[in-house]
Structures are given as structure tokens and as C-alpha cells.
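Presented below is the structure to which this report refers.
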Amino acid sequence: MEKKRTKKMSAQKEWAKERYQGMENLLIPSFAPDFRTISEEGIRHDIRNSIRHGFFSAMSIPVGVTTEEHKQFLKIACDEARGKILAGDIIGEKTLEDDMAMIAHAEKVGCTHLFISPNRSLQARTEEELYQGYVERISATSLPVVIYGSFSELYKNFGPGGVPLAVFDRLADLPNVVGIKLSQGLNLTTAIQICEKLSDRLLIGPVNLDFVTILAKRYPVQWSGQWNVESVQSPEKPYAVELMRLLNTRRLEEALKVYAQLEPALNAFYTLQAPLIVKGVHPWSHLKYYQWCTGGNGGLIRNLPGVPVPVLDAEARHLIRKTYRQVGIETTMAPEEEFPVGKAASARGARAEDLAETPYYQQA
């Protein structure tokens, strides 16, 4: 193991060490039944439900929204979260100009931290080009920044498992780069290589909870998130939140018992999502359904032309409910008809027949 550096931590890294602890979920947009606008009520409901779950932060992910809607989405989330839960945002628009505008907007509306992944707006041909692309965005803000350790075909020659480790090693020295998320698609060997290189400067956030109990014994693993944590817990049984709390207080034996409780749900979720992640796809309707089952707003996302998002059918919904029961979690008693429109719209009288379309959803 290489010698650790003793350089004094920046204010942002100190902030992260103190505040970036626990579980961070994904905040997915909610839409009006006609899909013409986002649903402010639905977004606010999901922030409140994230607080009920015990998450330390909610990370907004701008799926299915325009750049202007992304700004509106984030403003609503930050307003509802202020003083109660951290509110992060994923920066990854189509162009550098849009990325820079979103970063400025995030600061303006009170975002607490950013997740920056320029893969969409920057197709780097060399490690230096990738590094400069990151630096251009990161240096545009003083907000704490988390970077993304994930496999990418674009960078398969840049480091182990397609992770541009040499680039990230340089980024880790920047004062406001505070953590790295380890994607679900990475194997344990690659995760350890990343930890060995970066854990003296960055907080490590593995998505794979089965990695957490191993890595936390040696590296600064005090958080996991930016994934659908609701798939393994409920506000009444916050297994993942409790797991991380126990690990952060060095109570490994108790943590392992909690892990055993949530493991069947975790395995079911990984079976669903892991094969899709390596292809750059997410099961968005499934994720919204998981959240709805544990008190979230629910509702369908917009159609994403050309994106092979899997359909949430009756069999998939039954399996999700069955898995929750297997780990002792009681799901919502609301009728299934509420889910497609979402709780907020349903409370105003909207019904499934009011939907302009039903993307990635099958009723029967």
C-alpha cells in the first residue's frame, strides 16, 4: 500500500469528512400526466420522503428533462431540502456551455455539492483531454465535487476496468474534489485499485453494499449512494442507513447482521440493474416503482427515444413487492392505479386514463 499524504485538507474535504456520511439516494423527476411539465408537488414529496428514509442527501438526476427543466427541478429540490437534507446535482448536459450554466445555477439555488461526469459533453481522445475537461468544470465552482468511478468503453485504455485512474489521481488533489462513487459494474479488484490510489484524498462511495463491509475496514468508506437505496429499505426499516451508521461507528458484527437482513433485496435489485448499468441504461420505471412502494411519489418518466429502457410490467411489480415482503418490509397500501400518475397528481383527481402516454409501463 502506498504511503499516504499528510497535506492539510481543504475546507471542502473537511466538510465532506464531517457531513458526507450515510446513504444518498437518487431524486428522479416527476411529471404532470400530460408530460408537458415537471411536477413540483411530486418533487417536493420525494424530498420529504428521502428525509423520512434517513438519507443524508438526495442527488437530483436529470433524466427526461430539458436543460431549463433541469434548472427548475433543482431549484425546487434545493428549496424543499434546505436545512433538512443535503441536495446534490448531477452535471452532465450535452455541451460544455450547458454544463457551465448548470454549475452556476446550482450554486445560485443552494445546491450543496455536485456530481460531475462530463462523458456526455466531452468525448475525450486522450487522458490529458479528459483531465482538462474535468478541470474546466470543477474549477468553475467552489462547491464540493464527487467524481464517477465507472467502466467506460470510451476510456478502456485509460486504466483498470475502464476507469481513468491516472486522471482521477490528478483530480483528487483539487481542493473541492471530495469523493468518488464506485459504480455497480466494477469488480472488487478494480475497486481496491481505486481505493489504494485515491483514498488518502477522497471519500470512497461503493454502490455495491457487499463491497462496503470489506472496504470500510481499510479505507475511508463512510457513504454509499446515488443509486436507488429505496430498493433495500423503507422509512420504517432503514436497513441501508443503519448498515452505514454501524460501519461508521466501527460496529462490524452488528453491521453484518443488518446486511444479512437486506441481502435478498439487494441481490434482487442487482440482478435487475447490474446488466443494464454496463450498457449505460437504467430501469427508470422500476426505480420509480421502488420509491413509490416505500412512500415516494411514483409516476412515469417521459419517453426517451432510442434508449432501451425496460418495461415495468405486472410480473416485475409482483416480484418487487414479493422481495420487499421477503425482507420484512411493508409496502404502500395505496392502489396500484396511483403509481402511473404519482401520488401528487392522484390526490388532485388524476387517473391513469389522463396520461398522455405510458412509456416503459404495462398495466396488465
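Couple of notes before you dig in:
- Based on C-alpha pairs under 8 angstrom that are at least 6 apart in sequence, the chain has a relative contact order of 18 percent.
- Among the trypsin sites (Lys or Arg not before Pro) in segment 46-119, those located in a DSSP loop and surrounded by at most 16 other Cβ atoms within 10 Å of their own Cβ are Arg82, Lys84, Lys94.
- Accessible surface of segment 20-69, 1.4 Å probe, proportion on carbon and sulfur as whole %: 48 percent
- Within the full protein context, the accessible area of Asp98 is estimated at about 50 Å² for a probe radius of 1.4 Å.
- Probe 1.4 Å, all protein chains present, accessible-area order of Glu14, Glu97, largest first: Glu97, Glu14
- As computed over segment 72-116, the Cα convex hull volume per residue (Å³): 58 Å³
- Gain in span if fully extended, Arg48 to Leu256, counting 0.36 nm per residue against the direct Cα distance: 72.0 nm
The values are calculated or read from the model by the stated rules, or taken from the named source; none is laboratory data. Quick caveat, the model's predicted, so the values are computed rather than measured. Cβ coordinates were reconstructed from backbone atoms using ideal geometry, including for glycine residues, and neighbour counts include every protein chain displayed. For the accessible areas, the whole protein counts, side chains as well, though only heavy atoms, and no ligand, DNA or RNA atoms are used. Shrake-Rupley method; radii C 1.70, N 1.55, O 1.52, S 1.80 Å.
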